[in-house]
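Readers should treat all values here as calculations from the given coordinates under stated rules, not as data from a laboratory. The structure presented is a predicted model; accordingly, all values stated were derived computationally and were not measured. Cβ coordinates were reconstructed from backbone atoms using ideal geometry, including for glycine residues, and neighbour counts include every protein chain displayed.
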Amino acid sequence: MTTTLEAPRDITSVPFKPLPQKGPDVHVERRADGTILVRSNHALAEPARSIGHLFAQHAAEHPERGLLMQREPGHGPWRGVTYGEAKRIADGIAQSLLDRGMGAGDCVLILSSNSVEHGLLMLGGYTAGVPVAPISPAHSLLSSDHAKLKHAFETLRPKVVFAQNSEQFARAFDTLRAIDPDVTFVTVDGGNGTLPFADLAGTQPTEAVAAALDKVGHASVGKYLFTSGSTGMPKCVPQSHGMMVHVVAASEGLRVDDGIERDPPQSLEWMPWSHISAGNIAFNGNLHAGGTLFLDEGKPIPGMFETTILNLYEVSPLVFGSAPIAFAMLAEAMEKDEKLRASFFRNLVYMGYGGATLSSDVNERMQALAIAETGHRIPMTTMYGATETQGITVVHWATERVGLIGLPLPGTTLKLVPSGDKLEVRVKGPTVTSGYHNDPVRTAKAFDEEGFYKLGDAARFIDDADPAQGLVFDGRITEDFKLDSGTWVSVGTLRPDLIAACAPYVQDIVVAGQDKPHIGILAWPSAAALADIAKEAPDGDALAILGERVAAQLRAFNAAAGGSSRRVKRAIVLREPPSIDGGEITDKGYVNQRATLTRRADDVAGLYAEPVPEGVLDL
């Protein structure tokens, strides 16, 4: 159903739906050398002893409430477990791990994506005090050489390896068996000589399970996560229970009880548990809230986002968080579908984006939809962090701006250190890891002399005289570059502006130009835009037509861009999609700028060749 939105021309005249969180309140210390320390004046809530203890508490309080739900194959009916059922199964898994002699120094490696069984195995590990290590399924399924899979295995030497399906992961199993034939492989179907998951889940728990949980505390490692590996093999980051429960406590410290009675929250999650945003912050936050987590097998890519839409007809989330690309696709879908719009906004209190900056264009479209459906704007928040730090800052108030990273979470100290004309972000607090697993050299390089973790990002205050307005991301210190004129190009701020300027024709952009006379870009086309153009001009070259439209929009951008630090001279619309195996894109859909420029060195050279090569847009 197509609908015409009648939102006001100036959406800022429409009030936000109240956000039940405390407003900005920070302490700022300025040192003589230009360093700035920023802390929240809001107090942490009391942290739980561990995620396993948090889970046990809620399983006792509401055993009948749904915890994890997943559809049967072929978009069938929802199946899942209640908190009580999950506790009984997790205890059985914990006993099975203990029976194998496993403890805090061991590990369960998880190869497959989010599933009910994956979640139960994670909770079983938390209960037994045995760390779990979910890694990107792409390392097993899409990689041609399994280099990152082997690296993860050899780093952790797990005794148990889990994957959802024995046939799908058979090639990965063969690779790991060649390294260690004694590893126990577990799958749901129990095929190809693997141990059925039901055997773990059905183990009868003994008093040893409660005794094992009693030993788990803030210093205990709950899981291992691997970084994206943009500059080599991924680094292994221990995630202690203290790190995870302090993020929950910090978020709770910002919460305000608005007195509104709500049903237990529902969440719809597609982002992978091999990353902190979904696997730690969202998963643990749902446990703390006593909510039900619905697993979305869709993704924000053509051909799969339709699954997300079908799920949103049935699941009306209290909070919706995703990558910026998902919001663009969701806005497009809701602009044509009143039923989807009504279901999406029915219970929504706020939205959250992460991993990249949300464009103003997409934000305005989402707010126009919110106004049409609810009469209010919906606060758009974001949390900034890293694998090594959990959450660092958050936008916990309603704001007109997108692109903020907010202010420090309670309990966290942010340190902004002068670096050229920017301020480098460093952080210390209970959510920050103590170092990389068995890697003292890289650990030493990661922290400064005061023990602050160095992120390599830059940030700045919106208003230096009024820090409570928040911080804005100011690019990667390592991604920014100079043109041959000596002019600095801030990639972190330019890139989202270019993506917005080229909407709806591009999916993502990589910026080139280090030591070159001008900025050039590599752009991936939007599959939806290509499909629309193919319908408009069935006999034409859709990619060429799209390129002409991108060129026109870039020329319009250049006309108002100002100096050479923001003007684009050349562009290429890429025919080959981003490669996960080549490190160009993560399984969350985030582009790796450095890896792309390296892998596509020939295309980059084409941006600066004379005469202008065929396929290069000269602006």
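Worth a mention:
- Cα-centre dipole for region 481-618 with unit charges at Cβ (Lys and Arg positive, Asp and Glu negative), debye to 20: 580 debye
- Using a cutoff of 8 angstrom between alpha carbon atoms and counting only pairs six or more residues apart, the relative contact order for the chain works out to 14 percent.
- At 0.890 mPa s and 25 °C, Stokes diffusion of region 91-166 via Kirkwood alpha-carbon radius, µm² per second: 194 µm²/s
- The share of alpha-carbon pairs in region 81-244 lying farther apart than 21 Å comes to 43%.
- If both residues of a DSSP beta bridge must be in region 191-321, then about 55% of such bridges are antiparallel.
- Summing charges over neighbours of K422, with a neighbour being any other residue whose Cβ is under 11 Å away from its Cβ, gives -3 when K and R count +1 and D and E count -1.
- Multiplying the residue separation of D532 and I301 by 0.36 nm and subtracting their alpha-carbon distance yields 81.6 nm.
- Working note: Karplus 6.51/-1.76/1.60 with θ = phi - 60° gives region 44-50 the couplings 5, 6, 5, x, 5, 6, 6 Hz, where Gly and Pro are set to x.
- For the chain, a crude dipole built from +1 on the beta carbon of Lys and Arg and -1 on the beta carbon of Asp and Glu, taken about the Cα centre, is about 880 debye to the nearest 20.
- Dipole of region 481-618, positive end: most advanced residue of P613, A523, W488 [Cβ charges, Cα centre]: W488
- The 3J(HN,Hα) values that the Karplus relation (6.51, -1.76, 1.60; θ = phi - 60°) gives for region 276-284 are, in residue order, 5, 4, 8, x, 10, 5, 6, 5, 6 Hz. Gly and Pro appear as x.
- Note on region 276-409: antiparallel DSSP beta bridges, both residues inside, total approximately 45 percent of the bridges counted.
- For the chain, the share of DSSP beta bridges that are antiparallel, to the nearest 5, is 65%.
- The charge dipole of region 423-478, taken about its Cα centre with unit charges on the Cβ atoms of Lys, Arg (+1), Asp and Glu (-1) only, comes to about 320 debye.
- The loop-placed GluC sites (Glu not before Pro) in region 289-335, going by DSSP, that have at most 13 neighbouring Cβ atoms within 10 Å of their Cβ come out as E314.
- Dipole axis of the chain (+1 Lys, Arg; -1 Asp, Glu on Cβ), positive-most option in A59, V362, N280: N280
- Shape of region 243-324, Cα gyration tensor, a/c cut at 1.5: oblate
- With one equal scatterer per alpha carbon and no solvent term, the Debye-computed log10 I(q)/I(0) for region 481-618 at 0.11, 0.17, 0.19 1/Å reads -0.38, -0.93, -1.16.
- DSSP-assigned coil residues among GluC sites (Glu not before Pro) in region 48-93, each with at most 10 further Cβ atoms within 10 Å: E64
- Among the GluC sites (Glu not before Pro) within region 138-214, those in coil by DSSP and having at most 15 neighbouring Cβ atoms inside 10 Å are E167.
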